Amino acid sequence: MRGAYVQNFPPHTELITEGDCADFLHIVSSGTVELFGTWQGRESCMSLLGPNSTFMVAATIKDRPYQMSARTLKESRIILIPSADVREVFEHEPRFTVSILDELATCYGESVQNSKNIKFRTSIERLADFVFEQHVREGCSGEFTLDIEKKKLASYLGMTPENLSRSFSALRGHGVEISGQVVTLSDHNDLEVLARPDALIDA
């Protein structure tokens with residue numbers, strides 16, 4: 001940790017760029033970070049990370065280029081640890097090695113879950129599941145505020161903004177209303193039936 005440092009970043013700051021050398025292991029201390037990829041002029045949100053999340057662990061350990069870019073969605077506090085230091089300790093400190101392997105296994109599991117979510121659920125089912133999960137995380141109060149813009153949410157769920165809008169309209173019949181960024185649930189049981197949460201797909 002002697003070569004590590006902590007830095008605060010404002011919203012919409014690009015932290016890393018895909019293809020660049022993996023110079024640091026990043027740990028999100030607070031805030032929200034988006035991992036995204038680009039190809040042929042197109043961009044897609046790959047993952048959304050909150051506090052206590054790491055990103056680019058595999059690139060750090062393998063000394064490979066970053067496979068995705070990352071930027072803050074809100075003001076974030078990030079811990080940066082030089083990749084060379086991480087690799088050195090990884091080779092010589094068994095407890096640290098086990099921790100890194102555990103983190104890599106978690107990242108792999110989340111990748112599989114995301115892939116299954118995209119492949120097996122329809123767009124409406126993906127949105128229903130996302131809304132239901134947020135509802136549970138917010139204490140089942142029946143109302144919560146989206147902390148990301150709808151365009152970003154659409155990309156994260158693998159749909160266009162227009163499709164997201166139509167999907168929200170379809171969820172009205174299942175007790176979901178949205179006004180701006182505020183989502184209100186009047187019948188979370190009906191929504192749960194549509195979402196069909198599954199431990200092998202959902203985190």
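The values are calculated or read from the model by the stated rules, or taken from the named source; none is laboratory data. This is a predicted model, so every value here is computed, not measured. Please note: Cβ atoms are built from the backbone with ideal geometry, for glycine as well, and neighbour counts cover all protein chains shown.
Mind checking whether some residue in region 143-155 is hydroxyl-bearing (Ser, Thr, Tyr) and surrounded by 19 or more Cβ atoms within 10 Å (Cβ to Cβ)? Steps first, answer last, please.
Start the filter on region 143-155 by keeping residues that are hydroxyl-bearing (Ser, Thr, Tyr), which leaves 145, 155.
Going one step further and asking which of them are surrounded by 19 or more Cβ atoms within 10 Å (Cβ to Cβ), we end up with 155.
Checked against the condition, which is being hydroxyl-bearing (Ser, Thr, Tyr) and surrounded by 19 or more Cβ atoms within 10 Å (Cβ to Cβ), region 143-155 yields at least one hit.
Of these, Gly142, Gly109, which one is within 16 Å of Ser47 (Cβ to Cβ) and either small (Gly, Ala, Ser) or modelled with pLDDT of 95 or more (or both)?
Numbers: Gly142 fails: within 16 Å of Ser47 (Cβ to Cβ).
The conditions single out Gly109.
Scan region 14-37 for residues that are under 16 Å from the mean Cα position of the chain (by Cα) and among the polar types (S, T, N, Q) and jot them down. Reasoning before the result, please.
Here is the first cut: in region 14-37, the ones under 16 Å from the mean Cα position of the chain (by Cα) are 14-16, 26-37.
Of everything in region 14-37, those that are under 16 Å from the mean Cα position of the chain (by Cα) and among the polar types (S, T, N, Q) turn out to be Ser29, Ser30, Thr32.
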Checked against (1) among the hydroxyl-bearing types (Ser, Thr, Tyr); (2) surrounded by 14 or more Cβ atoms within 10 Å (Cβ to Cβ); (3) closer than 18 Å to Arg196 by Cα, Thr97 satisfies every condition except (3)
Taking the residues in region 177-203 that are within 26 Å of Val112 (Cβ to Cβ) and either part of a helix (DSSP H, G or I) or of a type in the set (S, T, N, Q) (or both) as candidates, determine which candidate is nearest to the chain's Cα centre (by Cα).
Ala195
Suppose we filter Gln7, Gln40 for residues that are of a type outside the set (Lys, Arg) and at pLDDT 95 or above; which single one remains?
Gln7
Select from region 158-203 the residues that are touching a Ser or Thr at 6+ places or on another chain (Cβ under 7 Å) and in contact (Cβ under 8 Å) with a residue 24 or more places away in the chain and list them in ascending order.
Met159, Asn163, Ser167, Gln181, Val182
When the residues of region 38-62 are filtered to those that are outside any strand (DSSP E or B) and more than 16 Å from the chain's Cα centre (by Cα), which remaining residue is surrounded by the most Cβ atoms within 10 Å (Cβ to Cβ)?
Thr60
Quick check, is Leu80 at pLDDT below 95, crowded, with 16+ Cβ neighbours inside 10 Å and of a type outside the set (D, E, K, R)?
no
Taking the stated definitions as given, is Val28 in the same structural domain as Glu93 (by TED's automatic domain parsing), under 20 Å from Asp102 (Cβ atoms) and touching a Pro at 6+ places or on another chain (Cβ under 8 Å)?
yes
Does Lys74 count as at pLDDT 90 or above, in the same structural domain as Arg166 (by TED's automatic domain parsing) and either surrounded by 14 or more Cβ atoms within 10 Å (Cβ to Cβ) or not aliphatic (A, V, I, L, M) (or both)?
no
